[in-house]
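Asker: Okay, here's the structure, questions in a sec.
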Amino acid sequence: MQSYTVEPATGIRGEIRVPGDKSISHRSIMFGSIASGITRVSGFLRGEDALATLEAFRAMGVQIDDDGETVTIHGKGLHGLEEPGDVLDCGNSGTSMRLLTGLLAGQNFFSVLSGDKYLRARPMKRVVGPLSRMGARISGRAGGEKAPLAIQGGQLTGIEYDSPVSSAQVKSAIMLAGLYADGETVVREPHLSRDHSERMLRAFGARVETFPGGVRVFGGPELTGRDIVVPGDISSAAFFMVAALIVPGSELLIRGVGVNPTRTGILDILKGMGGDIELLNEREESGEPVADLLVRSSKLKAMEISGEVVPRAIDEFPSICVAAALAEGTTVVRDASELRVKETDRIAAMADNLRRAGVTVTETPDGMEITGVASLKGCAADSFGDHRIAMSMTVAGLTAKGNTTISDVECIATSFPGFRELLEGVVRR
Ligand code: S3P
């Protein structure tokens, strides 16, 4: 297990670009593979998660070339995938596993999905349940709750599904199965989760209708390959935003960040806490809103975070916890029980780490209360094998008194290869 030590910073200054959006990168490979013709993807995230998806499609007979700039997918059409000769390894990636489960349920072949020990511990019934209602034959450990999942693909029928969770992975898995199903498939969710599947599938030519509270897809579309520009991942930018806000004397420009409204909960929350963040040069690329973000050090204050903003910021809570730890007052997070079933239990992991840094944190079943301090203590932090915990505690270390050591940092490569180097390039000491 690798670890590294973070020294306090005196400022975060300069201009950066963050790697491509993880969610959009996964979808570009999946949709490009089942479209007819060529899809060229620029800005593709070469992190382990998205690469697991890429390798899975290669294993199903799709030619995918990567010249280091552009990823070129030679699409096989809706019914062109081939039975893989081995288990498809999703690594740490919940998006790979859950979306693939939906897609594979409609193929006329057998496949098995597995992953690392963290992914094999995560709940899969949330997709296996509704897909079974569509006629899918999927079995797995713990009665289909846990991977490995074995999928005997076959004919599916469209359903109407009211999802109890606001989850883009659940929604997208059912939508993908819906492309192969007879008739229409409707998914409703309590609050709108990220809508990259809706936007991208429509751009590929699928009939996708959105309405308040849900989405409807129609089976048997003709999808056509296209060029995709992947914007910078706002979930990766979040670590740099929080770093620039909490380290005094900072001014950082983050160029080309995706600002899809289903992802900008982090901006609403940090601005609500008093963060100085400006959106510049707002534009649209490949059907996704993009902007440059100018962030300056700010005096933060606590706030209550609950309701519809939670799914729009779901991956950013570890870094939000760090901002809250340095804000004046007690930040209360509610309605966020989904954090307990991410790559690790992110409520428990951040509570544990922030306590080590001298912060008072109370856990609740669906959130936490964090009372801010004037400065953190250097400490020995643990990533719990979760990339976003590792990066959040790295950011925390920049303002601590003394050094902070983070253990088990290899996981950062799942979503943000080059994180440390990019950060060191803008840190002033
Ligand atoms: C993702 C959806 C979210 C998010 C994950 C990526 C996606 O998961 O946490 O990092 O690409 O659809 P849930 O659907 O479990 O909320």
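The values are calculated or read from the model by the stated rules, or taken from the named source; none is laboratory data. A quick note: this is a predicted structure, and the numbers were derived from the prediction, not measured. Cβ atoms come from the backbone with ideal geometry, glycine included; neighbour counts cover every protein chain shown. Surface accessibility is based on the protein's heavy atoms, side chains included, excluding ligands, DNA and RNA. Shrake-Rupley method; radii C 1.70, N 1.55, O 1.52, S 1.80 Å.
Asker: Summing Lys, Arg as +1 and Asp, Glu as -1, what charge do residues with Cβ under 10 Å from the Cβ of Gly402 carry, Gly402 excluded?
Answerer: +1
Asker: I would also like to ask the following. At 1.567 mPa s and 4 °C, plugging the Kirkwood radius over alpha-carbon pairs of region 8-63 into Stokes-Einstein gives what diffusion coefficient in µm²/s?
Answerer: Roughly 100 µm²/s, to the nearest whole number.
Asker: Follow-up. Counting only heavy atoms of protein chains, what accessible area per residue, in Å², does the chain have with a probe of 1.4 Å?
Answerer: With all protein chains present, the chain gives 35 Å² per residue.
Asker: Order the following by accessible area, largest value first: Asp227, Asp21, Asp276. Probe radius 1.4 Å; ligands, DNA and RNA are ignored.
Answerer: Asp227, Asp276, Asp21
Asker: For region 1-107, run through the trypsin sites (Lys or Arg not before Pro) and keep only the ones in DSSP coil with at most 16 other Cβ atoms within 10 Å of their Cβ.
Answerer: Qualifying residues, ordered by number: Arg46.
Asker: If you line up the long axis of helix 346-356 against the longest principal axis of the chain, both from Cα atoms, how many degrees apart are they, to the nearest 10?
Answerer: 20
Asker: On alpha-carbon atoms, Rg over Rh for region 92-135 using Kirkwood Rh?
Answerer: Rounded to two decimals, Rg over Rh is 0.96.
Asker: Another question, if that's okay. Once you keep just the Cα pairs under 8 angstrom separated by 6 or more residues, what percentage relative contact order results for region 22-229?
Answerer: For region 22-229, the relative contact order is 21 percent.
Asker: Something else about it: Just to confirm my numbers, what's the Cα centroid distance between region 124-154 and region 78-115 in Å?
Answerer: Result: 12 Å between the Cα centres.
Asker: Apply 1/(1 + (r/R0)^6) to the Cβ-Cβ distance of Glu363 and Asp182, taking R0 = 51 Å, and write down the FRET efficiency to the nearest 0.05.
Answerer: After rounding, the FRET efficiency stands at 0.65.
Asker: Place the peptides 287-295, 368-376, 137-145, 231-239 in order of packing, highest mean first, counting for every residue the other Cβ atoms within 10 Å and averaging per peptide.
Answerer: 231-239, 287-295, 368-376, 137-145
Asker: Could you tell me whether region 66-142 comes out rounded, prolate or oblate from its Cα gyration tensor? Rule is a ≥ b ≥ c as square roots of the eigenvalues, rounded for a/c under 1.5, then prolate if a/b exceeds b/c, otherwise oblate.
Answerer: Here region 66-142 falls in the oblate category.
Asker: Determine the order of Tyr118, Tyr180 by accessible area, beginning with the largest, at a probe radius of 1.4 Å.
Answerer: The residues order as Tyr118, Tyr180, largest area first.
Asker: In the chain, what % of DSSP beta bridges are antiparallel (nearest 5)?
Answerer: Within the chain, antiparallel bridges account for around 70 percent of the total.
Asker: I need the calculated FRET efficiency for the pair Thr224 and Glu251, taking r as the beta carbon distance and R₀ as 41 Å, to the nearest 0.05.
Answerer: On the way: r = 44 Å, r/R0 = 1.07.
Once the sixth-power term is evaluated, E becomes 0.40.
Asker: To the nearest 10 Å², what's Asp67's accessible area with a 1.4 Å probe?
Answerer: Its heavy atoms expose roughly 110 Å² to the probe.
Asker: Would you please give the FRET efficiency between Arg340 and Asp162, computed as 1/(1 + (r/R0)^6) with r the Cβ-Cβ distance and R0 = 30 Å, to the nearest 0.05?
Answerer: In this case the efficiency is close to 0.85.
Asker: If you roll a 1.4 angstrom probe over the protein chains with everything in place, what fraction of the accessible area of the chain belongs to carbon and sulfur, to the nearest %?
Answerer: Result for the chain: 48 percent of the exposed heavy-atom area is carbon or sulfur.
Asker: Still on this structure, I have one more. Would you mind classifying region 144-194 by shape? Square roots of the alpha carbon gyration tensor eigenvalues, ordered a ≥ b ≥ c; an a/c under 1.5 is rounded, otherwise it is prolate if a/b is larger than b/c and oblate if not.
Answerer: Here region 144-194 falls in the oblate category.
Asker: Per q in 0.13 1/Å, what log10 I(q)/I(0) does a Debye calculation on the alpha-carbon atoms of region 22-229 return?
Answerer: Debye curve over Cα of region 22-229, log10 I(q)/I(0) at q = 0.13 Å⁻¹: -0.62.
Asker: Right, something else. Roughly how many Å² of Glu82 are accessible to a 1.4 Å probe, to the nearest 10?
Answerer: 90
Asker: May I ask for the net charge around Ile64, where only other residues with Cβ less than 10 Å from the Cβ of Ile64 are counted and Lys, Arg are +1 while Asp, Glu are -1? Walk me through the numbers before you get to the answer.
Answerer: Numbers: positive: Arg58; negative: Glu55, Asp65, Asp66.
That sum, taken over residues with Cβ under 10 Å, equals -2.
Asker: For the chain, what is the per residue volume of the convex hull drawn over the alpha-carbon atoms, in cubic angstrom?
Answerer: Hull volume over Cα atoms, normalised by residue count, gives 119 Å³.
Asker: How many nm is it between the label spots at Lys301 and Phe110, if each spot is 7 Å from the Cα in line with the beta carbon?
Answerer: 6.3
Asker: Against the 2.2 N^0.38 Å scaling, with N counting residues, where does region 293-335 land? I'd like the Cα-based Rg ratio to two decimal places.
Answerer: Relative to the 2.2 N^0.38 Å estimate, region 293-335 comes out at 1.19.
Asker: Then there is this: So what are the radius of gyration and Dmax for the Cα set of region 253-352, in Å?
Answerer: Calculated on Cα positions, Rg and Dmax stand at 14.1, 41 Å.
Asker: Residue by residue, what Karplus-based ³J(HN,Hα) values in Hz, rounded to whole numbers, does region 393-404 have, using 6.51, -1.76 and 1.60 with θ = phi - 60° and x for Gly and Pro?
Answerer: Once rounded to whole Hz, the list reads 6, 5, 4, 4, x, 5, 10, 6, 8, x, 8, 10.
Asker: Per DSSP H run of n ≥ 4, the term is -39500 (n - 2.57); total these for the chain, divide by its residue number, and report the mean residue ellipticity at 222 nm rounded to 500 deg cm²/dmol.
Answerer: On the way: 14 runs with 135 residues, N = 429.
The helix-only estimate for the chain comes to -9000 deg cm²/dmol at 222 nm.
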